[in-house]
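The structure appears below as structure tokens.
Coordinate-derived values only; no laboratory data. From a predicted model like this one, the values you see are computed outputs, not experimental measurements. So basically every Cβ, Gly included, is an ideal-geometry build from the backbone, and we count neighbours across all protein chains shown.
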Amino acid sequence: MARVFSGIQPSGELHIGNYLGAVQHWVKLQRQHDCLFCVVDLHAITQPYEASSLSQRTIDMAVGLYAVGLDPQHAIVFVQSHVPEHTELNWLLNTVTPLGELERQTQFKDKAQRQASVAAGLLNYPVLQAADVLLYRATLVPVGEDQLQHLELMREIARRWNARFTNNGGFAFPEPQALLSTAKRVLGLDGQAKMSKSLGNTIGLLDSPETIWEKLKPAATDPARVTRKDPGNPDICNIFTIHQGFSSPETQARVAHNCRTAGWGCLDCKRVLADNMIAALAPVRERAQALQAEPSGVRATLRAGAAKARVLARETMTQVRRCMGLLDAGEA
Ligand code: TRP
């Protein structure tokens, strides 16, 4: 069985963009592979953030993951900072990571540009990400296209570490591969940017039926469709992309036809989508509410996940320390 690792930042809200783009696939992968899924709180602190809400956002993200069907019986779900080996390996990998590669990362450049003062942690973000995956010697990494450059760097870090430190017959890191989802990327409700909580353009998986409808009503559609009588083009409509995630193939065909012929207005199309989304998300909301009522249970489940992850992490670190020549502390 292949080992799979992926991570998600604790934005506090799992939204339909995360769901259709990533987490939905994680739920399938957990039955096919040996999976670890991590709430990456240490990545989240590389940019300015609200310390007072981080722990709650971390729990909320975990609740969302369990509610959509990640099952602690099938996958190891945990919080990154609960397994300190992530940061230990991060440091060790820093020593084989070329600075130039870090400076070339487009995500770093984008994020750095938007900040007055850039922390070293932001530059090293991809090294921590490499540590996340290599710590478990995972070979498959389900991610979106925006992470491909980080994946390439991760492979380079693995190669460099192996070239420098693998000794005969010894331990080596496998080079991880990206597992790209084929799903079309859902944009935010503004139809402009990636769906993201910080941009306020999301529909949360736990939003109420009323909120879902309130948010969908004004959402961007095919920009060329100005009046009700104009025919639309579903291929360039973000709402149609969301239909592809929540509506049956028959409904999608009906929606596309009524859009192209101006048989329906955008609101008619959105009403059908809202109904399907509300129906699909009702059980998710119900599970989330049950979990939220029992936060200590969620924390215990996360703790158990971290304990399992840590067993694997320690095995790797014993080898890594030995290969790198660090003196072991010996038996007490
Ligand atoms: N950087 C990833 C993102 O923003 C999150 C992440 C952290 C990750 N560590 C990872 C993804 C390891 C895959 C593997 O989406």
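Roughly what % antiparallel, to the nearest 5, for the DSSP beta bridges in the chain?
Around 10 percent of the beta bridges assigned by DSSP in the chain are antiparallel ones.
To two decimal places, what compactness ratio does segment 60-111 give when its Cα radius of gyration is scaled by 2.2 N^0.38 Å?
Relative to the 2.2 N^0.38 Å estimate, segment 60-111 comes out at 1.64.
Mind grabbing the base-10 log of I(q)/I(0) for the chain at q = 0.06, 0.07, 0.08, 0.12 Å⁻¹? Debye formula, identical points on the C-alpha positions, no solvent, two decimal places.
Computed log10 I(q)/I(0) values: -0.24, -0.33, -0.43, -0.89.
What pairs in Lys184/Lys270; Lys109/Lys308; Lys28/Lys215 have C-alpha atoms more than 27 Å from each other?
Lys109/Lys308; Lys28/Lys215
Ala120 to Ser52: extension gain in nm, 0.36 nm per residue of separation minus the Cα-Cα distance?
Length gained, Ala120 through Ser52: 22.3 nm.
Could you pull out which residues in segment 261-279 have an amide N less than 15 Å from a spot 7 Å beyond the Cα of Asp235, following the Cα-Cβ vector?
261
Can you give the angle from 0 to 90° between the axis of helix 295-323 and the longest principal axis of the chain, with both taken from C-alpha atoms, to the nearest 10?
Between helix and principal axis, roughly 40 degrees.
Once all Cα-Cα distances of segment 41-134 are split into 5 Å bins that start at 0, what whole-number percent is in each one?
2, 11, 19, 19, 20, 15, 9, 4, 0
Write down, largest first, the equivalent ellipsoid semi-axes of segment 206-290 in whole Å, where each equals the square root of 5 times an eigenvalue of the alpha-carbon gyration tensor.
Working from the Cα gyration tensor, I get semi-axes of 25, 13, 9 Å.
Which trypsin sites (Lys or Arg not before Pro) in segment 73-150 pass both tests, a DSSP loop state and at most 16 other beta-carbon atoms within 10 Å?
Here the trypsin sites (Lys or Arg not before Pro) that fit, given the DSSP loop and packing criteria, are Arg114.
Take every Cα pair under 8 Å in segment 226-332 that's 6+ residues apart, average their separations, divide by the length, and report that relative contact order as a whole percent.
Relative contact order, segment 226-332: 20 percent.
Residue separation times 0.36 nm, minus the C-alpha to C-alpha distance between Gln107 and Arg314: what's the value?
Between Gln107 and Arg314, full extension yields an extra 71.5 nm.
Specify the inter-centroid distance of segment 10-26 and segment 289-332, based on alpha-carbon positions, in whole Å.
After rounding, the separation between the Cα centres reads 24 Å.
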